[in-house]
Amino acid sequence: MGSVLAASSPNPPTPIPGGSGLVSVPPGFSMPAVSPISPPSSAASGRQGAELALPNPGSFEECHRKCKEIFPMQTEGVRITVNKGLSNHFQVNHTIMLSTLGDSNYRFGATYVGTKQTGPAESFPVMVGDMDNTGSLNAQIIHQITERVRSKLAFQTQQQKFVNWQGDAEFRGEDFTATVTVGNPDIIMGSGIVVAHYLQSITPSLALGGELVCHRRPGEEGTVMSLAGRYTGSNFIATVTLGGAGVHASYYHKANDQLQVGVEFEGSARMQDTSVTFGYQLDFPKANLLFKGSIDSNWVVGASLEKKLLPLPLSLALCSFLNHRKNKFQCGFGVTIG
């Protein structure tokens with residue numbers, strides 16, 4: 001849902017020091033007359049209310065995103081991407097993927113950003129899509145309908161056949177976010193999926209929420225509910241999701257401007273399986289270098305390296321994964337121009 005990452009919540013306002021006890025008066029000393037304290041003005045009350053207001057917690061889908069972003073992405077083969085900006089609002093890209101597994105392809109993508117600006121780096125509507133050489137299409141349309149309501153429509157085709165499509169509406173209040181998503185609805189067959197998310201700020205650091213998934217198809221229907229909690233500190237984020245599908249917990253910690261680490265635990269009730277993944281990210285801004293590494297409980301070790309060759313509009317990426325149990329090695333190389 002949405003491209004707004006969960007950020008660290010502001011610290012609570014510091015109370016104004018002052019005494020409220022009795023003061024002893026020396027003999028012979030007369031207390032001056034004190035005029036009664038006038039009530040605070042409406043403007044001051046408004047400022048105090050703004051300071052005490054809880055922040056918006058962001059969307060439910062962003063709870064574990066900060067931890068996942070520091071893990072390397074697994075790729076294989078050679079990937080070449082060329083980006084070309086045609087205007088301030090329109091950009092196209094060409095991607096060629098060569099793989100030894102036989103799934104080499106070419107993809108053409110386009111991105112359009114509208115003129116409705118809602119923030120320093122947010123403009124709507126946003127339309128993103130790409131098509132491969134077989135005619136399969138992936139597309140998304142995101143639009144800020146009002147100041148608090150945002151909608152997204154996504155669909156996927158396999159050649160000439162619709163495979164998946166979904167639409168969602170997100171409402172962001174002062175201290176909560178509510179989202180409803182409908183996926184693959186079919187009125188004739190009586191099937192579809194409805195997902196409802198709600199996340200509420202309890203304190204400036206603590207947010208609680210839940211997820212409700214209802215799915216139905218001929219001969220089968222069910223409901224799965226999950227509860228989530230997220231605590232945001234000055235340099236860390238701890239998140240837990242617990243429900244009928246299993247347990248998902250993550251911890252993200254920013255040690256300094258160069259080092260970030262994260263630990264993720266996933267337990268599936270249906271698969272009766274658990275896994276733990278540890279990852280870290282090293283950022284060297286002066287060298288334009290970004291390194292990510294990870295290792296999990298299945299003895300899969302992965303690493304990726306990204307290097308920007310400034311002042312050229314060129315970026316190089318290397319990625320490798322080694323599965324010790326299956327004795328399998330994967331390696332990828334990527335070049336991005338523009």
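The values are calculated or read from the model by the stated rules, or taken from the named source; none is laboratory data. These numbers were taken from a predicted model, which means no experiment stands behind them. Glycine also receives a Cβ, built like all others from the backbone with ideal geometry; neighbour counts cover every protein chain displayed. What goes into the accessible areas is simple: the full protein's heavy atoms, side chains included, and nothing from ligands, DNA or RNA. Shrake-Rupley method; radii C 1.70, N 1.55, O 1.52, S 1.80 Å.
Some values worked out for this structure:
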read-out	value
Failed criterion for residue 174 (all others in (1) within 23 Å of residue 84 (Cα to Cα); (2) of a type outside the set (Phe, Trp, Tyr); (3) surrounded by fewer than 13 Cβ atoms within 10 Å (Cβ to Cβ) hold)	(1)
Positions within the stretch 259-296 being surrounded by 12 or more Cβ atoms within 10 Å (Cβ to Cβ) and part of a loop (DSSP other than H, G, I, E, B), in sequence order	269, 288
Test: residue in the stretch 217-230 that is open to solvent by less than 50 Å² (accessible area, probe 1.4 Å) and under 30 Å from residue 109 (Cα atoms)	no
Test for residue 321: is it surrounded by 13 or more Cβ atoms within 10 Å (Cβ to Cβ) and in a strand (DSSP E or B)	yes
The listed residue being in contact (Cβ under 8 Å) with a residue 24 or more places away in the chain, of a type in the set (Gly, Ala, Ser) and touching a strand residue (DSSP E or B) at 6+ places or on another chain (Cβ under 6 Å), out of 173, 129, 114	114
So residue 146, is it part of a loop (DSSP other than H, G, I, E, B), open to solvent by 40 Å² or more (accessible area, probe 1.4 Å) and over 30 Å from residue 174 (Cβ atoms)	no
Test: residue in the stretch 320-331 that is over 19 Å from residue 236 (Cα atoms), touching a Pro at 6+ places or on another chain (Cβ under 9 Å) and not polar (S, T, N, Q)	yes
The stretch 262-320, residues that are polar (S, T, N, Q) and over 20 Å from the mean Cα position of the chain (by Cα)	268, 272, 274, 275, 288, 297, 298, 304, 315, 320
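A quick yes/no check of all residues on (1) within 29 Å of residue 139 (Cα to Cα); (2) outside any strand (DSSP E or B):
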position: 152; (1), (2): yes, no
position: 166; (1), (2): yes, no
position: 184; (1), (2): yes, no
position: 195; (1), (2): yes, no
position: 204; (1), (2): no, yes
position: 250; (1), (2): no, no
